[in-house]
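Here the structure is laid out as structure tokens; the discussion comes afterwards.
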Amino acid sequence: MTVKKQRYDIPPYSEGWFQVGWSDQLARGELRQLNHFGRTYVLFRGMNGKAAILDDICPHLGAHFSEGGCVKGNSVRCPYHHWAFDGAGACTNIPYSKSIPVKAKTRSHTVAERYGMIFMYRNKAGTAPTYELPSIDNFDPEDYSRPKTFEFKINIHGQDIMENSVDSPHFAAVHGHSMPVNTFRSEGSELWISQDASVRRFGTTLKFRLEFHMIEPGFHYVHFPDMPGPPSHVFSSIVPVDETSVIHRLTLRVKKTRPKLVSHIARRFIMWQMMRTYHEDMQIWETKEYLKHPVLCDGDGSIMKLRNWYRQFLDPEEGESPKLRVLPS
Ligand code: FES
Ligand SMILES: [Fe+2]
């Protein structure tokens with residue numbers, strides 16, 4: 001008998017807010033199937049403009065709304081017998097019945113739209129959030145050019161993607177940068193990391209600082225305060241598909257400039273640099289193992305800091321939670 005080895009011994013899912021799409025990619029009257037956390041949801045936007053997420057299963061006879069259903073008014077209509085359900089999961093219409101059964105409900109999930117992104121709140125119990133979607137400091141989307149978006153499905157745990165940001169030696173080995181110096185600051189459950197580094201490009205040495213703001217496992221962002229050119233932000237959203245893979249969404253926002261050419265060039269440069277490093281990491285990410293007790297040296301200290309921060313969001317009931325040691329950095 002073949003025993004399948006589990007790649008990660010940390011819980012695959014966490015509690016919190018997760019980006020499930022972009023606002024301008026879901027018009028009124030449209031729906032999408034979402035495959036996250038090992039299950040299926042339907043995301044739709046009613047004619048009132050409000051986005052909603054429901055469990056993608058009709059309580060009547062089990063059809064999936066996202067497999068041939070449609071939006072009617074502010075409800076999603078099941079393809080099988082045309083029962084309709086609003087954004088709160090209540091049945092609003094049965095075309096062939098005079099009354100609606102009390103149990104004709106499906107579970108709805110809390111949705112928030114901010115900065116041009118659509119987020120859902122998720123926890124194991126499927127209950128409403130006890131806190132709002134955290135906001136981003138000093139960022140007004142009106143001042144920024146339209147988002148440039150990227151979406152990747154990767155066989156990895158989200159913790160490994162976030163860990164990569166503080167894995168200083170890999171920047172030299174994989175990306176050809178200098179080995180960055182990380183400075184950590186935490187406030188409540190959030191973490192800020194300043195990273196100073198340099199890279200040889202175009203025959204010169206470019207020095208830069210990255211400021212990471214780790215909000216929760218589903219969402220973090222980075223900006224580049226010392227970079228020449230207009231201010232820019234990269235939003236990074238990680239949402240599990242199942243126990244083996246995640247969808248990683250990246251959104252680049254560059255501040256508008258006059259002339260527009262400056263923000264255009266900055267945008268092209270950041271995109272090029274971002275995609276280059278991303279593909280360099282990707283091959284290693286998809287094949288690496290997760291070591292609960294890695295053998296670390298003095299230059300690796302930030303990795304365990306990141307794991308310890310991440311652990312606060314993991315629910316041991318959703319899988320084994322590791323006992324981590326904090327190593328001096
Ligand atoms: S299964 Fe959905 S309306 Fe019958
Ligand atoms: Fe990397």
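A few notes on this one:
- ARG185 vs. criteria farther than 26 Å from TRP285 by Cα, away from ligand 1 (no atom under 16 Å from the Cβ) and in the same structural domain as ILE215 (by TED's automatic domain parsing): yes
- PHE139 vs. criteria aromatic (Phe, Trp, Tyr), within 20 Å of VAL234 (Cα to Cα) and in a loop (DSSP other than H, G, I, E, B): yes
- Some residue of region 22-34 being within 15 Å of ligand 1 (Cβ to nearest atom) and either surrounded by 15 or more Cβ atoms within 10 Å (Cβ to Cβ) or assigned to a strand (DSSP E or B) (or both): yes
- Flag if LYS105 is touching a residue at least 24 places away in the same chain (Cβ under 8 Å) and in the same structural domain as ILE53 (by TED's automatic domain parsing): yes
- Qualifying position, being away from ligand 1 (no atom under 16 Å from the Cβ), more than 24 Å from the chain's Cα centre (by Cα), assigned by TED's automatic domain parsing to the domain that holds HIS170 and buried (at least 16 other Cβ atoms within 10 Å of the Cβ), among THR251, THR257, THR277: THR257
- Unmet requirement for PRO134, which otherwise passes all of (1) more than 25 Å from ASP242 (Cα to Cα); (2) not in a strand (DSSP E or B); (3) not β-branched (Val, Ile, Thr): (1)
- Looking across region 53-75 at every residue that is in a strand (DSSP E or B) and among the aliphatic types (A, V, I, L, M), the one that is nearest to ligand 1 (Cβ to nearest atom) is identified as LEU54.
- Every residue from region 35-70 that is surrounded by fewer than 16 Cβ atoms within 10 Å (Cβ to Cβ) and in contact (Cβ under 8 Å) with a residue 24 or more places away in the chain: GLY38, MET47, ASN48, LYS50, GLU67
- Residue in region 203-214 that is among the acidic types (Asp, Glu), more than 21 Å from SER263 (Cβ to Cβ) and touching a Phe, Trp or Tyr at 6+ places or on another chain (Cβ under 8 Å) present: no
- Any pair with Cβ under 7 angstrom, 6 or more apart, that starts in region 265-292 at a residue that is among the acidic types (Asp, Glu) and ends at one that is modelled with pLDDT of 90 or more and more than 10 Å from ligand 2 (Cβ to nearest atom): GLU286/ILE154; GLU286/ASN155; GLU286/ILE156
- Residue match in region 73-81 (condition: more than 29 Å from the chain's Cα centre (by Cα), buried (at least 18 other Cβ atoms within 10 Å of the Cβ), more than 16 Å from ligand 2 (Cβ to nearest atom) and on the phi < 0 side of the Ramachandran plot): no
- Some residue of region 87-97 being under 25 Å from the mean Cα position of the chain (by Cα), part of a loop (DSSP other than H, G, I, E, B) and of a type in the set (A, V, I, L, M, F, W, C): yes
- Hey, ASN164 among the polar types (S, T, N, Q), crowded, with 17+ Cβ neighbours inside 10 Å, away from ligand 1 (no atom under 16 Å from the Cβ) and within 17 Å of the chain's Cα centre (by Cα) or not: yes
The values are calculated or read from the model by the stated rules, or taken from the named source; none is laboratory data. Note that the structure is predicted; figures quoted are calculated from it, not measured. Neighbour counts run over all protein chains shown; Cβ positions are idealised from the backbone, glycine included.
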